[in-house]
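Engineer: Take this structure first; my questions come after.
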Amino acid sequence: MARFVAIRVLTYVILAFLATSFAYLLAAALMNPQEVLYPPIATEPVPYETAQHYLNVRNVNPDTPLMERYARWLGGLVRGDLGVTTGTNKSMVPVVDELANRIPISLRLVILGTIIGTVAGVLLGMVAAVARDSIGDRLTTLLAFFILSLPTPVIILIVQQTNQGIMDATGWGLPAINPVNPLLPEGSWASWKYQIEALVMPTIVLSLTAAASYSRYMKVTTLDVLGSDYLRTARAKGLTRGQAMNRHGLRMALIPMGQYFAFAVGAAFTGSLFVELMFNWQGVGRFAVSSIGMADVNGTAGVVLYTAILTLLSATLADILQGALDPRIR
Amino acid sequence: MTNPGDIRSTADASELRRRSDPDANPVLGSALDDPNLQEDAVPAQDGPAIESMSRGELLRRRFLRNRSAWIGMIIFAVLVLMAIFAPMFYQYGPFERDLRNSLTGPTQYHWFGVNENGLDIFARTMQGLRISLVIGLGTAVLTTFLALIVGITAGYIGGKGKWGAIGDGALVNLINLFLVIPSLLLLMLFSPVLQRASWLWMIPLLALFAWMLTARVLRAMTQQLVRTEYVEAAKFMGVNPIVTMVRHIIPNIASWIIIDTTLGVSAAILGETGLSFIGFGIQYPQVSLGTVLQDYNISAPYTWIPPAAVLAALVISINLMGEALRDALDPTSGSSRL
């Protein structure tokens, strides 16, 4: 078990490193952060020395060979330094600080959305499979089919529009934008209440998409388990349907779910990107969009590193779950 | 004349018999003269007595028997016709501004209303539908092609000695690498650069980040097929591996490939829409459904509900057809039918 997990983790670390390096090289090769020095409205060019200094400090000098810039970035990475923001953001904020501010905002979305979505999806899928062709099953299947046919922005729009409709009708509604209200005193009950209320709609969106895909997978695997020989044997031994399902079936049905979990976190990151844009949350997803938009090489690489670590952690967690569930691996 | 296989046809045999002495060789060709063994005794092939259905005919009937297949096909056909013809006769173009009527609801002139920039939503939706359809279909085909090459190669060479195992391992790790890479971020990186050349670059770009899961499944399927007797026999007969793949492996997994391609169309449309929505997809001189949705306004629901409904109808119709196709091609999937 320990060996199995160790080998898996090592592979994931190598893959994450490769992915991040790949992203850095691509960003450094494709983006032109030096363009900010030559705005169209400039009347006279920036002095050569100043320009060189500006670019070297940010490690984005196009005159330096790409591999040398990469080596410098890698040296920083080993020391836990991801460089400073570049591109049109001239303030030179260290990317680590920027990420440290934004990760808590994004992560609560991703974690809550994934957990609620996973649990709800697994439960719904199981119920749909056990009570096959019941009204609940049909409704769940239809809803999952419908949700999976909509892009995330449209789901967000539906949720926001519903909230707006309720607000228009009753005068009470959830906050539509911003995770925190800066006008409320920090740490007060009102501020906490606002934060919790603001979390509701984004979490609904993320868990809806996660639950939709999970319930489908779970239904398929549960149906496979229900038709299996060992469950029939368990029934023949005298267990009731529920007992047999709880003691033997559930565990087997959950094993493939462990592997999907790794993808679910990645999907939650993508979903949180849309959520952060449309609910105006200053999280990592928004940082990703803005840093790619303004040719911030270091910022882009930092975001890719964050997502790679997130995927790595969730894949490891999935492996541990699988090891715990599946007796054949231990 | 020791090998009876040398007699090529009954005509040859009767010619031989005519020329040889019947008493010297009584066996040769005697069956030809036996009236009970004449070929006419076999019932005619095109008679009404025997009627077998070809596989294609069977699939077509099973597919058309499915009600959701009909619903999907009709919606899809209507949307395709609308995408082709609506921009031809509609009086506004996707970038014609009617600022006097900006942010007004559906009227007889502006069928879906006008957004806050004075752009007609119906014109934009139809133009976007065109682009989204082209990208969805193109990407799905290309994705399947990529997945087919990687998946079948990995599955086929996996069992072929040490080098085969190494190649297979490399391809599997390539698949895993692409799965780990945050594809949305890389799409956002590449897309604006390539869009300067042509909006059609979107197709290979989306396909590049969508083939992995299909390739994984195809690899597993090929591994099972490579162990079958007929593939082994082909190998021992010295058949070229590529011929084996095309003649023995692909036909066996074709049904799964068709289903996956169909569902891939909707996945590609969703991906493209999402990317365009955040501004990294289809760029200015073209419109996509994602770009249309970008101009949403919560206080004016008509700015986003019509394009969202068109998009949902498109994706749902494709998914309906895909699932009906799955039921038709794979009757054993009944247990796992959703």
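None of the figures in this text is laboratory data; all of them are computed from the coordinates on show. Nothing here was measured: the structure is a model prediction, and the numbers come from that model. Methodologically, a virtual Cβ is constructed for each residue, glycine included, from the backbone with ideal geometry; neighbour enumeration extends over all protein chains shown.
Engineer: Give a residue-ordered list of calculated ³J(HN,Hα) values for segment A:13-18 (Karplus: 6.51 cos²θ - 1.76 cosθ + 1.60, θ = phi - 60°; whole Hz; x for Gly, Pro).
Structural biologist: Once rounded to whole Hz, the list reads 4, 4, 5, 5, 4, 4.
Engineer: For peptide B:298-310, how many partner chain Cβ atoms fall within 10 Å of a residue's Cβ, on average?
Structural biologist: Taking all residues of B:298-310 together, the mean is 3.
Engineer: Across the residues of B:183-195, average count of Cβ atoms on other protein chains within 10 Å?
Structural biologist: Whole-number average of other-chain Cβ neighbours for B:183-195 is 5.
Engineer: Let a ≥ b ≥ c be the square roots of the eigenvalues of the Cα gyration tensor of chain A; is it rounded (a/c under 1.5), or, if not, prolate (a/b larger than b/c) or oblate?
Structural biologist: oblate
Engineer: Let me ask you something else. Just the Cα atoms of segment B:138-293, one point each, no solvent: what log10 I(q)/I(0) does Debye give at q = 0.12 Å⁻¹?
Structural biologist: -0.58
Engineer: When you look at the Cβ of every residue in B:268-279, what mean number of other chain Cβ atoms sits within 10 Å?
Structural biologist: 4
Engineer: Which whole-angstrom value gives the distance between the alpha carbon centres of segment B:251-314 and segment B:137-158?
Structural biologist: A separation of 23 Å, based on Cα centres.
Engineer: Please turn the phi angles of segment B:278-293 into ³J(HN,Hα) values with the Karplus equation 6.51 cos²θ - 1.76 cosθ + 1.60 (θ = phi - 60°), one per residue in order, whole Hz, x for glycine and proline.
Structural biologist: 8, x, 10, x, 5, 9, 2, x, 10, 10, 10, 4, x, 5, 5, 5
Engineer: Using modelled backbone amide H atoms (1.01 Å from N, in-plane), which distant-in-sequence or interchain residues come within less than 5 Å of residue A:84's amide H?
Structural biologist: Amide H neighbours of residue A:84: A:95.
Engineer: So who's got an amide H within less than 5 Å of the one on residue B:119, skipping anything under 5 residues away but keeping other chains? H placed 1.01 Å off N, in plane.
Structural biologist: B:98
Engineer: What residues have an amide H closer than 5 Å to that of residue B:104, excluding those fewer than 5 places away on the same chain, when H is modeled at 1.01 Å from N in the peptide plane?
Structural biologist: Amide H to amide H, under 5 Å and 5 or more residues apart or across chains, residue B:104 pairs with B:114.
Engineer: Here's another thing I want to ask about it. Distance in nm between label sites at residue A:251 and residue A:195, each 7 Å beyond Cα in the beta-carbon direction?
Structural biologist: Here the modelled spin labels are 4.0 nm apart.
Engineer: Now, a different point. Given charges of +1 on the Cβ of Lys and Arg and -1 on the Cβ of Asp and Glu, with all other atoms neutral, how large is the dipole of segment B:63-333 about its Cα centre, in debye to the nearest 20?
Structural biologist: That gives segment B:63-333 a dipole magnitude of about 560 debye.
Engineer: Ok, one more. At residue B:107 and residue A:326, where each label point lies 7 Å from the Cα along Cα→Cβ, what is the point-to-point distance in nanometres?
Structural biologist: If labels sit at residue B:107 and residue A:326, their model points lie 6.3 nm apart.
Engineer: Go through segment A:164-204 and name the chymotrypsin sites (Phe, Trp or Tyr not before Pro) that are in a DSSP coil and have 13 or fewer other Cβ atoms within 10 Å of their Cβ.
Structural biologist: Loop-located and lightly packed - A:172.
Engineer: Sticking with this one: Please list, in order along segment A:98-111, the HN-Hα scalar couplings obtained from phi with the Karplus expression 6.51 cos²θ - 1.76 cosθ + 1.60 (θ = phi - 60°), rounded to whole Hz, x for Gly and Pro.
Structural biologist: For segment A:98-111, the Karplus curve yields 4, 5, 4, 5, 8, 4, x, 5, 6, 5, 5, 5, 4, 5 Hz.
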